[in-house]
Amino acid sequence: DLATALNDRGQIKYFRVEFAAAVEDYTAAIECQPGFEVPYYNRGLVLYRLGCFDEAMKDFRKVLELNPRFEDAALSLKQAILDKEEKQKRGY
């Protein structure tokens, strides 16, 4: 389906380190199928890598709202929280 195709295209762009383009594809996949948790997770990972911890945490929380058993999202959320706290301690 279209949402899966957009998510998959986002993955290719992510692996090419084309983060902005990947986020666009993940967002398009979400808009196409809002109940599909995978593009939220993938977009969260990109946002996390870019240091956008609040936005990443929002996406990881949405994943867990849609699928509470998505363990990688739970782990990523915990890591984003820790990294945000560490960044704040350092005054960034």
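The values are calculated or read from the model by the stated rules, or taken from the named source; none is laboratory data. Fair warning: this is a prediction, and the values are worked out from it, not measured in the lab. Every residue, glycine as well, gets a Cβ built from its backbone with ideal geometry; the counts of neighbours run over all protein chains shown. We work out accessible area using only protein heavy atoms, side chains counted, and drop any ligands, DNA or RNA first. Shrake-Rupley method; radii C 1.70, N 1.55, O 1.52, S 1.80 Å.
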Taking Cα atoms, the helix 53-66 axis meets the longest principal axis of the chain at an angle in degrees (rounded to 10) of 50
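Let me know the charge dipole size of the stretch 2-90 about its Cα centre in debye, to the nearest 20, where only the beta-carbon of Lys, Arg (+1) and Asp, Glu (-1) is charged.
Computed about the Cα centre, the dipole is about 280 debye.
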Once D83 and R61 are pulled to full extension, the length gained, defined as 0.36 nm per residue separation minus their Cα-Cα distance, is 6.3 nm
Rounded to whole Å², per residue accessible area for the stretch 2-90 with a 1.4 Å probe reads 60
Expressed as a whole-number percentage, the relative contact order of the chain with C-alpha contacts under 8 angstrom and at least six residues apart is 20
Taking a straight Cα-to-Cα line shorter than 24 Å from K87, and setting aside same-chain lysines fewer than 8 residues away, one finds K58, K62, K78
Rounded to the nearest 10 Å², the 1.4 Å probe accessible area of K62 is 60
At the level of C-alpha centres, the distance separating the stretch 20-69 and the stretch 71-92, in angstrom, is 16
Under Stokes-Einstein, the chain at 20 °C and 1.002 mPa s, with its Kirkwood radius over C-alpha pairs, diffuses with a coefficient in µm²/s of 163
Once phi for every residue in the stretch 77-89 is put through the Karplus expression 6.51 cos²θ - 1.76 cosθ + 1.60 (θ = phi - 60°), the whole-Hz ³J(HN,Hα) values, with Gly and Pro written as x, are 4, 4, 5, 5, 4, 4, 5, 5, 4, 5, 4, 5, 4
The percentage of the accessible area of the chain (probe 1.4 Å, all protein chains present) made up of carbon and sulfur atoms, to the nearest whole number, is 53
